[in-house]
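Working notes, beginning with the structure itself.
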Amino acid sequence: MSGNGVIRIGDYPLTKDTLKEIRRTVGMVFQDPDDQLFMPTVYDDVAFGPLNLSLPPEEVDDRVNNALSTVGALHLKSRPPYRLSGGEKRSVSIATVLAMSPDILVMDEPTSNLDPRARRKLIELLKTFKHTKIIATHDLDMVMDLCERTIVIHKGQVMADGPTVEIFMNQELLAESHLEKPLRMQGCPVCGKK
């Protein structure tokens, strides 16, 4: 095909005509929640997307409450986003996407800047989602927790695509891609036991 290809999202080829439908299918969670949260209250942020779909107020309210409940943040709905912790902001950012009822969640470094407890809470939350999840990350231990399939990209090239554990066992591939095995696969740094 001389360098040309087709991008498909589910059953839809990505074209100008299908862009609107694809935008409803895919939800993006940004790396920095402050890039995603901009309204006066958490409720307003989560309602922003559904309101732009011209949904009736009762449905918007249901979607907001359900999305915030799903991420354990319903108690934050009246708070201004700038008064939230990093973990709370991340949860609310996910709720803004869930309120749109996407089939696919795309996340950019979802565990970045989270403390260990907030990181674990986020991973446990993501484990409960039935959505297709596409996660761009360097947190390989999180990948072990969440992903059956891993694609390694280095310098814009796909280096590997396959079962996560197999990829992380390939020391040559990891070295070539400037990655290291997840911590849990490295063994104890003190006693050397694996």
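Observations on the structure shown:
- Residue count for the stretch 52-78, restricted to those that are surrounded by fewer than 16 Cβ atoms within 10 Å (Cβ to Cβ) and not polar (S, T, N, Q): 9.
- Which listed residue is touching a residue at least 60 places away in the same chain (Cβ under 8 Å), surrounded by 14 or more Cβ atoms within 10 Å (Cβ to Cβ), in contact with a helix residue (DSSP H, G or I) (Cβ under 6 Å, 6 or more places away or on another chain) and of a type outside the set (F, W, Y), from M100, M107: M100
- The set of residues in the stretch 8-37 that are in a loop (DSSP other than H, G, I, E, B) and surrounded by fewer than 11 Cβ atoms within 10 Å (Cβ to Cβ) comprises D11, T15, K16, D17.
- So R90, is it in a helix (DSSP H, G or I) and within 27 Å of H154 (Cα to Cα): yes
- Checking the stated criteria, G5 turns out to be more than 29 Å from E124 (Cβ to Cβ), among the small types (G, A, S), surrounded by fewer than 21 Cβ atoms within 10 Å (Cβ to Cβ) and out of contact with any Pro (no Cβ under 9 Å at 6 or more places or on another chain).
- Residue in the stretch 50-68 that is in the same structural domain as H131 (by TED's automatic domain parsing) and among the β-branched types (V, I, T) present: yes
The values are calculated or read from the model by the stated rules, or taken from the named source; none is laboratory data. These numbers come from a predicted model, not from an experiment. Here Cβ is always computed from backbone atoms with ideal geometry, including for glycine, and neighbour counts include all displayed protein chains.
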